[in-house]
């Protein structure tokens, strides 16, 4: 996160986000929504290799990763991002209900899950702070 406190003065902290999904239309819509709500989308990717490269280059504060990346697994990406020199917290996203993947999400390094319809800056912040409930 960029920002912080300078000489006792509170400074707004901007959350930097990497979006990973194989659907270009969703990437565009999610970027618009999240940026309108105050997050900064520093990059997007549609494949695991691209996402790992962008995370290494851009240093996002969080990655929002679709569970199903076409022929690739978002869970595999979550593992890779958790093992980098600068681990990136991952929130898994999907159009499917979280109950469908509850055990796999719990066993993964992801910090939580959001359905795509519940995606918002507030939900992302709540999951990262540990106060949110997967939706």
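Which residues, taken from region 55-72, are in contact (Cβ under 8 Å) with a residue 24 or more places away in the chain and either outside any strand (DSSP E or B) or more than 12 Å from the chain's Cα centre (by Cα) (or both)? If you could, list the steps in order and put the result at the bottom.
From region 55-72, those in contact (Cβ under 8 Å) with a residue 24 or more places away in the chain are 55-56, 58-70, 72; that's our starting set.
If the condition is that a residue be in contact (Cβ under 8 Å) with a residue 24 or more places away in the chain and either outside any strand (DSSP E or B) or more than 12 Å from the chain's Cα centre (by Cα) (or both), then 55, 56, 58, 59, 60, 61, 67, 68, 69, 70, 72 are the ones that fit.
Checking residue 100 against (1) surrounded by fewer than 19 Cβ atoms within 10 Å (Cβ to Cβ); (2) under 16 Å from residue 69 (Cβ atoms), only one condition comes out false. Which one?
Exception for residue 100: condition (2).
Filter region 4-24 for residues that are within 20 Å of residue 77 (Cβ to Cβ) and either at pLDDT 95 or above or over 12 Å from the mean Cα position of the chain (by Cα) (or both) and give the result.
Across region 4-24, the qualifying residues are 16, 17, 18, 19, 20, 21, 22, 23, 24.
Got a number for residues in region 122-135 being out of contact with any helix residue (DSSP H, G or I) (no Cβ under 6 Å at 6 or more places or on another chain), surrounded by fewer than 20 Cβ atoms within 10 Å (Cβ to Cβ) and in contact (Cβ under 8 Å) with a residue 24 or more places away in the chain?
So the answer is 3.
Checking residue 102 against (1) without any contact (Cβ under 8 Å) to a residue 60 or more places away in the chain; (2) not in a helix (DSSP H, G or I), which single condition isn't satisfied?
Here residue 102 meets the rest and fails (2).
Between 108, 82, 129, which is farther than 17 Å from residue 17 by Cβ and more than 12 Å from the chain's Cα centre (by Cα)? Break it down into steps so the answer makes sense when it comes.
Working: 82 fails: farther than 17 Å from residue 17 by Cβ; 129 fails: farther than 17 Å from residue 17 by Cβ.
Matching residue, one of 108, 82, 129: 108.
Could you tell me which of the residues 90, 65, 52 is surrounded by fewer than 22 Cβ atoms within 10 Å (Cβ to Cβ) and in contact with a helix residue (DSSP H, G or I) (Cβ under 6 Å, 6 or more places away or on another chain)?
One residue alone meets the criteria, 52.
Looking at region 32-41 only, could you name the residues that are in a strand (DSSP E or B) and surrounded by 18 or more Cβ atoms within 10 Å (Cβ to Cβ)? Write out each step before concluding.
Our first condition is that a residue be in a strand (DSSP E or B); within region 32-41, this holds for 40-41.
Scanning region 32-41 gives a single hit, 41.
Could you tell me whether residue 78 is in a helix (DSSP H, G or I) and either under 25 Å from residue 103 (Cβ atoms) or in contact with a strand residue (DSSP E or B) (Cβ under 7 Å, 6 or more places away or on another chain) (or both)?
In short, yes.
The values are calculated or read from the model by the stated rules, or taken from the named source; none is laboratory data. A quick note: this is a predicted structure, and the numbers were derived from the prediction, not measured. Neighbour counts are summed over all protein chains in view; Cβ atoms, including those assigned to glycine, are modelled from backbone coordinates with ideal geometry.
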